[in-house]
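Quick note: the coordinates plus some simple rules give every number you see, no bench work behind them. Computed from a predicted model, the values in this text were never measured in an experiment. Glycine also receives a Cβ, built like all others from the backbone with ideal geometry; neighbour counts cover every protein chain displayed.
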């Protein structure tokens, strides 16, 4: 099973890929992890390493050489559009809930304090790094930061860079909703702003919806990206932890009729970066509490839209195998006035990372947030 970039992909990525952030000083509201002009480089496997060998994951990353970043002297049209020429600051903020250290990091432009905040909440298997894809201008986090946001990435307990949990069923949807609330309260404490915009993706839409129903006072605008409004199908989840694999991490990328990845929809290098990051940050396993919650009959609703009092954007592709489109298309009947529905033709569950659609996704999201 492959865990790292192929040699060809690593060469193509060059100086744009990052799998780790080094510390470089302390700030009043947390540790400044790094600043970057383009994303730092992906560690490359040493030539002495046996091809196909599995490096130790998550809490013991494989030994790797990190090469210094080359300085860009020109700004392309694409960099100007995406803000890639700007420098960004990553500030980690200590947060503990229920005895577990939660990974909470703010990404912002280095040249000034953000004017507003948005919290991004991940799905059921892989953690918040998927919002900050370190390749070309695919990073949703940096796009939002370029537009004046302090972008907050949270890893739910047991996921990614947060502390481990003994019972993988513990961080279910209700538990995760309270992790989100703890993060929102910390953001308010640091920023001084009472309300934070919140985006949830996939299972994250279940968790942020429950958070919104219980704590509407913390939310400005709510975004449900690829919302799991009802069960994805009955399946008995008996293991407390999901076994992560390279193949599973790549599962959502669209394929051609012959079963090959569709290079017209997803960039081959991006797929390698994506899967490498999943291995590096999420390791061999992730908690299964959320998976047990959503693997129920399609007739069982998981999000009570009528309980949401905040203006909400529902955004998704029209080729998402996990969505109940009857409920999606009817969602505005239950959501507050001023809510919006955006369906992107051709997009799948990972429309935010698909070559023909990710700019459209970013633009639609920013238009909504700016209103």
**Q.** Relative exposure of 300, 311, judged by other C-beta atoms within 10 Å (fewest first)
**A.** 300, 311
Q. Would you list 331, 275 from fewest to most Cβ contacts within 10 Å?
A. 331, 275
Q.
Please arrange 309, 127 by how many other C-beta atoms lie within 10 Å of their C-beta, fewest to most.
A. 309, 127
Q: With the convex hull built on the Cα atoms of the stretch 88-370, state its orientation-averaged projected area in nm².
A: 13.7
